[in-house]
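Enquirer: Sending over a structure as structure tokens; questions will come in a sec.
The values are calculated or read from the model by the stated rules, or taken from the named source; none is laboratory data. Since we're looking at a predicted model, the values are computed, not measured. Positions of Cβ are generated from backbone atoms using ideal geometry, with glycine treated the same way; all protein chains shown enter the neighbour counts. The area values use the complete protein model at the heavy-atom level, side chains included, leaving out ligands, DNA and RNA. Shrake-Rupley method; radii C 1.70, N 1.55, O 1.52, S 1.80 Å.
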Amino acid sequence: MADRVTVIGWDGSPLTPAATSALAAATLVAGAAHHLALPEIPPDAERVRLGSVDLAARRIAGHRGSAVVLADGDPGFFGVVRTLRAPEHGLEVEVVPAVSAVATAFARAGMPWDDAQVVVAQRRTLRRAVNVCRAHTKVAVLTSPGAGPAELALLLQGVHRTFVICEELGTEREQVTVLTSDKVADHVWRDPNVVIVIGGIGTASVRTGGWIAGHDPEYPPAERGWALPTEEYGVDLDEGESTWLRAAQLARLGARTGDLVWDIGSGSGALAAEAGRFGAAVIAVDAEPGACASTAAAARRAGVQLEVVEGRAPHVLENLPEPDVVRIGGGGVDVVIACADRRPARIVTHAATRDEAEAVCTALREGGYAVECVLLQSVDMDTGAWSERERSVVFLVSGKRPDRAP
């Protein structure tokens, strides 16, 4: 095992005395090509090109001497420190940090970033990173080859955002470009880069400062809880949007940050808005213009980003991006089949009769889903007179794909 492992962050600034001292004593140095060209590296030190961090960690673990790993920005922030400290490598590291690439990017843009979401876009996480950009007004994306600015813009599919693209930060080739998302795919971008994606409702509001990084649950103001009562939406909700049915549907959906939710037959937009409050991206679909307007109003009231699509399912679903979870508020078995064909992790709907519930369960089961059906009954009570005001009975049907992550 290496006698000493020092991880040095590099942001283009002159190296600190601690970093210079560690490099002078190094017998092995790992880093990217531009790191290995630094003049401070001893000429007789073994150089390891840092491609796979796991492979480099195994090489370092077998080295006798002092090892140094050079990494861009703060190596403890979505960086190499996590991999090097993994139990299978057994390395104890000393870290000399630098300014993170995200902090530098926001500094170049002249923007605060305590309220920003920060995500890593790789080929396997690109779609989830895009969903975060759909759902939030300020996102920093640490990109990678094949999951860069152009790919982000293409997958946003017409959702208008502004991109601040910071290429090769800290080098002589550093460049900062500001473009609208519809223009980004027309260019070729250099790695490494950081993309700040901004836009959507609420971006013009002035905040006085929050207390938690990434988001502020008190901004915009929102009623506590979820499955809020009808009066919170300013419109009449039908039986399919009742408070307790919505609560059960949201619980079965399990929408979370990085997900894309389809809400088909969005009606008032109550469920779509509340799914957005969980941090998920939402596409709400309804054939009625009035319902689309009501859904957009519900989103503004809740302070969330969502996309409203006017059209009749299942045909309108063909051009929508792939969902993670789907709630079906109306449309029948044909819509259930069309959604099952897209293989989301979960599909949740309801039925007014046992025959309808049986037909939906059959369609989900044939589509490869494990099915659950529950008869829900809720009774709204007048607590003054202790009398029954309203009774609702409905079948809650949910399907879960066993081959998808929960």
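Enquirer: Could you give the length gained by full extension between Ala293 and Leu36, i.e. 0.36 nm per residue of separation minus their alpha carbon distance, to one decimal place?
Expert: 86.8 nm
Enquirer: Using a Gaussian network model on the chain with a 10 Å cutoff between Cα atoms, which of Thr137, Thr104, Thr16 fluctuates the most?
Expert: Thr16
Enquirer: Using the Karplus curve 6.51 cos²θ - 1.76 cosθ + 1.60 with θ = phi - 60°, work out ³J(HN,Hα) for each residue of the stretch 78-88 in order, rounded to whole Hz, and write x for Gly and Pro.
Expert: Coupling constants for the stretch 78-88: 6, x, 6, 4, 4, 5, 5, 8, 4, x, 5 Hz.
Enquirer: What is the chain's relative contact order, in percent, from Cα pairs under 8 angstrom and six or more apart in sequence?
Expert: Reported as a whole number, the value is 11 percent.
Enquirer: Report the residues of the stretch 228-270 in range of a label on Asp403: point 7 Å along Cα→C-beta, backbone N strictly under 17 Å from it.
Expert: Under cut-off, by backbone N: nothing.
Enquirer: Run the helix sum for the chain: -39,500 (n - 2.57) per DSSP H stretch of 4+ residues, divided by residue count, reported at 222 nm to the nearest 500 deg cm²/dmol.
Expert: -7500 deg cm²/dmol
Enquirer: Compute the separation of the alpha-carbon centres of the stretch 319-369 and the stretch 39-90 and state it in Å as a whole number.
Expert: 49 Å
Enquirer: Highest first, please rank the peptides 36-48, 308-320 by the mean number of other Cβ atoms sitting within 10 Å of their residues.
Expert: 308-320, 36-48
Enquirer: Quick one: if the Förster radius is 51 Å, what FRET efficiency do Arg59 and Arg301 give, using the C-beta to C-beta distance and rounding to 0.05?
Expert: With R0 = 51 Å, the Cβ-Cβ based efficiency is 0.35.
Enquirer: Using a 10 Å cut-off on Cβ atoms, rank the peptides 388-397, 171-180 from the highest mean neighbour count down.
Expert: Top of the packing list down: 388-397, 171-180.
Enquirer: Right, next: Got a sec? Which residues in the stretch 36-70 would a label at Thr83 touch, if it sits 7 Å along Cα→Cβ and we count backbone N under 16 Å?
Expert: 36, 48-62, 68-70
Enquirer: Shifting gears a bit: Of the options Ala30, Thr16, Ile41, report the single residue whose Cα projects farthest towards the positive end of the charge dipole of the stretch 1-127 (beta-carbon charges: Lys, Arg +1; Asp, Glu -1).
Expert: Selected residue: Ala30.
Enquirer: For Ala107, project a label point 7 Å along Cα to C-beta. Then give me every residue of the stretch 11-36 with its amide nitrogen under 17 Å of that point.
Expert: Once the point is set 7 Å along Cα→Cβ of Ala107, 11-17 turn out to lie under 17 Å by backbone N, inside the stretch 11-36.
Enquirer: If I compute solvent accessible area with a 1.4 Å probe over the protein chains, what percent of it on the chain is carbon and sulfur?
Expert: Here it works out to 52 percent.
Enquirer: Let me ask something additional. Compute a Gaussian network model of the chain, connecting alpha carbons closer than 10 Å, and tell me which residue from Ala297, Ala213, Ala150 fluctuates the most.
Expert: For the chain, modelled as a Gaussian network with Cα springs under 10 Å, the answer is Ala213.
Enquirer: Under a Cβ-only charge scheme (Lys and Arg +1, Asp and Glu -1), can you give me the dipole magnitude of the stretch 278-393 about the Cα centre, in debye to the nearest 20?
Expert: Taking the Cα centre of the stretch 278-393 as origin, the dipole is about 280 debye.
Enquirer: Okay, next question. Which value, in debye to the nearest 20, describes the size of the charge dipole of the chain about its Cα centre when Lys and Arg Cβ atoms bear +1, Asp and Glu Cβ atoms bear -1, and nothing else is charged?
Expert: 1040 debye
Enquirer: Full-extension gain between Gln157 and Thr125, please, as 0.36 nm times their residue separation minus the C-alpha to C-alpha distance.
Expert: 9.8 nm
Enquirer: What does the accessible area per residue of the chain come to in Å², with a 1.4 Å probe and no ligands, DNA or RNA counted?
Expert: About 49 Å² of surface per residue is accessible.
Enquirer: Can you pull the accessible area of Lys400 for me, 1.4 Å probe, Å² to the nearest 10?
Expert: Using a 1.4 Å probe on the heavy atoms, I get roughly 90 Å².
Enquirer: Okay, moving on. For Gln157, what charge total do you get from the other residues with a beta carbon under 14 Å from its beta carbon, if Lys and Arg give +1 and Asp and Glu give -1?
Expert: -2
Enquirer: Using the charge dipole of the chain (Lys, Arg: +1 at Cβ; Asp, Glu: -1 at Cβ; taken about the Cα centre), state which of His89, Val285, Leu156 has its Cα farthest towards the positive end.
Expert: Most positive-ward Cα: His89.
Enquirer: Per-residue HN-Hα couplings for the stretch 280-286, Karplus 6.51 cos²θ - 1.76 cosθ + 1.60 at θ = phi - 60°, whole Hz, x for Gly and Pro?
Expert: Values, residue by residue: 7, 7, 10, 10, 9, 10, 7 Hz.
Enquirer: Then there's this: Please work out how much accessible surface Asp380 shows to a 1.4 Å probe, ignoring ligands, DNA and RNA, in Å² rounded to 10.
Expert: Solvent-accessible area, nearest 10 Å²: 70 Å².
Enquirer: For Val48, which sequence-distant residues (separation of 5 or more, or a different chain) have an amide H within less than 5 Å of its own amide H, given hydrogens modelled in the peptide plane?
Expert: Result for Val48 returns Val29, Ala30, Gly31.
Enquirer: Here's another thing I want to ask about it. Got a sec to turn the phi values of the stretch 27-38 into Karplus ³J(HN,Hα) couplings, 6.51 cos²θ - 1.76 cosθ + 1.60 with θ = phi - 60°, whole Hz, x for Gly and Pro?
Expert: Residue by residue, the stretch 27-38 yields 9, 9, 10, 10, x, 6, 4, 6, 6, 5, 8, 5 Hz.
Enquirer: Now a separate question. What dipole magnitude, in Debye to the nearest 20, does the stretch 358-406 give about its Cα centre under +1 on Lys/Arg Cβ and -1 on Asp/Glu Cβ?
Expert: For the stretch 358-406, the charge dipole is close to 280 debye.
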